[in-house]
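Data block below; observations after.
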Amino acid sequence: GWITGPSNFLRIYTPFSTSEVGITQRHQGVFDPSKYFLHVDATGDYARGIQASVDNLVIDGLQILVENNGFSFVSGVFVYDNFANNNYRHEYKNNIIKGLLSGVNANGMNVGTPSYPNAEYRISNTVISDFPSVTTGVSSCFYTSASKAYVYNNTAVNCGSGFRGSITTVLKNN
């Protein structure tokens, strides 16, 4: 693992400047398979693209393609109590998460730590699409639960539920 803190976040990102790696690998605001993308091709229940278990994390500019292949509880990004603590500070920005669902529901982002009310999540400038509800229950583009979540300037398209959150979720300009 990594040792992180308020002054030293772990940053996982897609390079956008040609000075970083010689060519930009970042999308231009729409899903682009010619740019870098993380492919979640589920082979069982609970498949995750990113299952974050570190404090002080920034995910910036990724594309995640989620295929659940009929399996349950699949997510592009997943954070929950058994991976968290009260010091969690996560920021997800400039990402695109796209679903290809069959048979059962899935979530684009599922973040929240109900047992840790001081954990904080910031989600901005992210597009999540194609998570329709296909069976009983609800697929969600953005799902946050019972921790501090600030969700702003995002887009949800073709989702069973665009934004689902707890009373501590702040939604703005979505």
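Leaving out same-chain residues fewer than 8 places away, which lysines sit with a Cα under 18 Å from that of LYS98? Hits, sequence-local ones excluded: LYS35.
With a Förster radius of 22 Å applied to the beta-carbon distance between ILE23 and ILE3, the computed FRET efficiency rounds to 0.10.
Residue by residue, the stretch 85-93 carries 3J(HN,Hα) couplings of 7, 5, 8, 4, 9, 10, 10, 10, 9 Hz when phi is fed to the Karplus relation 6.51 cos²θ - 1.76 cosθ + 1.60 (θ = phi - 60°); x denotes Gly or Pro.
Here the relative contact order of the chain, from alpha carbon pairs under 8 Å that lie six or more residues apart, stands at 16 percent.
Compactness of the stretch 1-98, taken as the C-alpha radius of gyration over 2.2 N^0.38 Å, stands at 1.16.
Using only alpha-carbon positions, what ratio does the radius of gyration of the stretch 120-174 give when scaled by 2.2 N^0.38 Å? Don't skip to the answer; put the middle values down first.
On the way: Rg = 11.0 Å, N = 55, 2.2 N^0.38 = 10.1 Å.
Relative to the rule-of-thumb radius for its length, the stretch 120-174 sits at 1.09.
With q set to 0.12, 0.13, 0.19 Å⁻¹, the log10 of I(q)/I(0) for the chain, from the Debye formula over equal scatterers at the Cα positions, is -0.51, -0.60, -1.28.
Using a Förster distance of 22 Å, how high is the FRET efficiency between LEU100 and TYR152, based on the Cβ-Cβ distance and rounded to 0.05? Could you put the intermediate results ahead of the total?
Numbers: r = 27 Å, r/R0 = 1.22.
So, using R0 = 22 Å, E works out to roughly 0.25.
Where in the stretch 106-136 does the amide nitrogen come within less than 19 Å of the point 7 Å from the Cα of ASN85, taken along Cα to Cβ? The answer is 112-121. With the convex hull drawn around the C-alpha atoms of the stretch 78-125, the volume per residue stands at 81 Å³. For the stretch 13-104, state which chymotrypsin sites (Phe, Trp or Tyr not before Pro) are in a DSSP loop and have at most 12 other beta carbons lying within 10 Å of their beta carbon. Passing both the DSSP loop test and the Cβ count: TYR46.
Spin-label model, VAL58 to LYS172: label points 7 Å out along the Cα-to-beta-carbon direction sit 1.9 nm apart. Note on LYS93: aspartates and glutamates with a C-alpha under 18 Å away, same-chain residues under 8 apart excluded, are ASP32, ASP55, ASP60, GLU120. Over the stretch 61-149, the Kirkwood radius and the radius of gyration, each from Cα atoms, give a ratio Rg/Rh of 0.98.
None of the figures in this text is laboratory data; all of them are computed from the coordinates on show. Here the structure is a predicted model, which means the values were calculated and not measured. Positions of Cβ are generated from backbone atoms using ideal geometry, with glycine treated the same way; all protein chains shown enter the neighbour counts.
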